[in-house]
Amino acid sequence: MIHKKKPKLAVWKFASCDGCQLSLLDCEEELLAVAGAVEIANFPEASRAVVGRTYDLSLVEGSITTPHDAERIHKVRRASKFLVTIGACATSGGIQALRNFKDVKEFISIVYATPAYIDTLNKSTPISDHVAVDFELRGCPINKYQLVEVLSAFLNGRKPVTPRHSLCIECKLKGNVCVMVAHGIPCLGPVTHAGCGSICPSYARGCYGCFGPKETPNTSALSAQWEKLGSSPISIKRAFRGFNAFADAFRKESELYEK
């Protein structure tokens, strides 16, 4: 009997908090099924074992913030048949992309006692700015069920099925009262990609945009509505400069409120 060789899975970390990798470990029973279908060949968060030097699928967490990482991501790409970025850091530069709006050298001189030892780039950028990416899975952190769907799609040779609609749809499905309409609370839900299960609106708070901009987001209309609710220009700018500050739609909208 011929046993089919299992696809090799690798998980890589760049500038990030490890939260998205932990989402994979948090899959528990689902992870056992995944582990049975693939060979986890390189996953430092879970094991020191490294099997081989090439991989069928690589999951990449984190943004590119140093010259070393800018070189390393090309090595990862060459070693991977398919490459999927996971989380806000990998897909949009992450919270650390707030550096992109200021002079990073000024931050270094304030934070570090010996700035000369710090070797960093001026900007924090997503993986897709450096290499070709086969699929992007958003979130801060990612939705573990969406991650299992991506892995399942890879194993079955199909395109992953993840929601493209806004967070508002998730609120409707949960029966939430709209915090912006009913309570006048500013919320990024109308322009934010679904995936978190509308956690914040479920507790009468506005969405913080953890999953980044949805497809074709009307950010200008949302900002205009916030202004009607009494939001100041600086509060609107700060709202768009969160976990996905350097995502194109959020970045452009926040820049309109720069002054």
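Derivation of every value follows stated rules applied to the coordinates shown; laboratory data play no part. Please read these numbers as outputs of a predicted model, since none were measured by experiment. Cβ: placed from backbone, ideal geometry, glycine included. Neighbour counts: every protein chain shown.
For the stretch 167-255, what is the Kirkwood hydrodynamic radius in Å, using each pair of distinct C-alpha atoms?
12.8
Given that compact globular proteins tend to follow 2.2 N^0.38 Å, what is the ratio of the alpha-carbon Rg of the stretch 8-155 to that value?
1.08
What residue among 186, 141, 233 shows peak mean-square fluctuation when the chain is described by a Gaussian network model with Cα springs under 10 Å?
Maximum among the listed residues: 233.
Please identify, among 67, 217, 126, the residue showing maximal mean-square fluctuation in a Gaussian network model of the chain using a 10 angstrom Cα cutoff.
67
List, in order, the whole-Hz ³J(HN,Hα) value for each residue of the stretch 79-90 obtained from phi through the Karplus relation with A = 6.51, B = -1.76, C = 1.60 and θ = phi - 60°; use x for Gly and Pro.
Taking θ as phi minus 60°, the curve returns 8, 10, 6, 10, 10, 10, 8, 10, x, 4, 4, 6 Hz for the stretch 79-90.
Nothing charged except the Cβ atoms of Lys and Arg (+1) and of Asp and Glu (-1): what's the magnitude of the dipole of the chain about its Cα centre? Round to the nearest 20 debye.
So the dipole magnitude of the chain works out to roughly 340 debye.
Find the relative contact order for the chain and round it to a whole percent, using C-alpha pairs within less than 8 Å whose residues are 6+ positions apart.
Details: 476 pairs, mean separation 44.0, N = 259.
That works out to 17 percent.
Under a Cβ-only charge scheme (Lys and Arg +1, Asp and Glu -1), can you give me the dipole magnitude of the stretch 8-155 about the Cα centre, in debye to the nearest 20?
Using Cβ point charges on Lys, Arg, Asp and Glu, the stretch 8-155 gives about 500 debye.
Sequence gap at least 6, Cα distance under 8 Å: using those rules, report the relative contact order of the stretch 1-143 to the nearest whole percent.
On the way: 252 pairs, mean separation 39.9, N = 143.
Value for the stretch 1-143: 28 percent.
For residue 39, what residues show an amide H to amide H distance below 5 Å, using hydrogens built from the backbone and excluding near sequence neighbours?
Result for residue 39 returns 8, 9.
Taking the chain as a Gaussian network, where each spring joins two C-alpha atoms under 10 Å apart, which residue of 213, 115, 160 fluctuates the most?
115
Filter 214/237; 13/144; 174/252; 123/252; 13/252; 102/214 down to the pairs with a C-alpha to C-alpha distance above 22 Å, please. Write out the running numbers ahead of the final one.
Numbers: 214/237 18 Å; 13/144 17 Å; 174/252 31 Å; 123/252 16 Å; 13/252 28 Å; 102/214 26 Å.
Table pairs above 22 Å Cα-Cα are 174/252; 13/252; 102/214.
Quick one: grab the alpha carbon gyration tensor of the stretch 32-77, order the square roots of its eigenvalues as a ≥ b ≥ c, and give me rounded if a/c is under 1.5, else prolate or oblate depending on whether a/b is larger than b/c.
In terms of gyration-tensor shape, prolate.
Counting only residues 5 or more places away or on other chains, whose amide H sits under 5 Å from the amide H of residue 55 once H atoms are built in the peptide plane?
Under 5 Å from the amide H of residue 55: 80, 81.
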